[in-house]
1. Identify all residues within the range 63-78 that are part of a strand (DSSP E or B) and surrounded by fewer than 17 Cβ atoms within 10 Å (Cβ to Cβ); write none if there are none.
2. Does the range 45-62 contain at least one residue that is closer than 22 Å to residue 136 by Cβ, free of Cβ contacts under 8 Å to residues at least 24 places away in the same chain and in a strand (DSSP E or B)?
3. More than 29 Å from residue 230 (Cα to Cα), modelled with pLDDT under 90 and touching a strand residue (DSSP E or B) at 6+ places or on another chain (Cβ under 6 Å) - does that describe any residue in the range 124-135?
């Protein structure tokens, strides 16, 4: 799907399942990586504890988290808000290091390289051992998004004048004392028919002003989880070809694993005489 889906431009993308390619941009404010303290647009982290019992030992995840704050994708035609919740996200920035405390006392100086120097300088001890992993999406990273695209999802630009006026009237009624002060010209403590018609006229005028203002503003775009079941929601901070290769290798590994497990199960059943 990554290889065959046509790439759309934000300015002219059709509504629905869409592929966008661009650059990652901040939405309102930068996020901070929980473990490294690195400024970023999105983060995912995990803390694992090394456990050993007899001849068996393994890493057990004791804490993890994922950011759901929106960020932007920008191409040469516009800006689109990305809602990352429920997406399968791959990033080019990965930090992994070890320490002796549940929370890391310091961040790695650079993205982890499995070199001899890195192994010799890891903060570990004979006692408790913890492993920290953090994935980050940073400002300016190349960005690929495949998901459900919508323009002006709030509906403010296409709402009718009558509906806008109704919304304005409801908000004005919440401060009825102020309405009386401005429109109760005979000071009888209520709004008669003529006075209420004046209120409605002003609400319609305010609605027209809002609609004109909305028409001069650029369209709002967002992309998020597909509404149709079974369609993927993918976000990657790598080039499209690299991302496609990654998923292809992952699929091949899963297929090979399935065949190995199936063969082992068949051998076991045959050996047991089933």
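The values are calculated or read from the model by the stated rules, or taken from the named source; none is laboratory data. Quick caveat: nothing in here was measured; it's all calculated off a predicted structure. With ideal geometry, Cβ positions are generated from the backbone for all residues, glycine too; neighbour counts draw on all protein chains shown.
1. Taking the range 63-78 as the starting set, the residues that turn out to be part of a strand (DSSP E or B) are 63-66, 71-75, 78.
Within the range 63-78, 63, 64, 65, 66, 74 meet the criteria.
2. Residues of the range 45-62 that are closer than 22 Å to residue 136 by Cβ, as a first pass: 45-48, 59, 61-62.
Filter again for free of Cβ contacts under 8 Å to residues at least 24 places away in the same chain, leaving 61.
If we keep only those that are in a strand (DSSP E or B) as well, we get 61.
The answer is yes; a qualifying residue exists.
3. Our first condition is that a residue be more than 29 Å from residue 230 (Cα to Cα); within the range 124-135, this holds for 124-133.
Still in the list and also modelled with pLDDT under 90: 124-128.
Cutting the leftovers down to touching a strand residue (DSSP E or B) at 6+ places or on another chain (Cβ under 6 Å) gives us 124.
So far as the range 124-135 goes, yes, one or more of its residues are more than 29 Å from residue 230 (Cα to Cα), modelled with pLDDT under 90 and touching a strand residue (DSSP E or B) at 6+ places or on another chain (Cβ under 6 Å).
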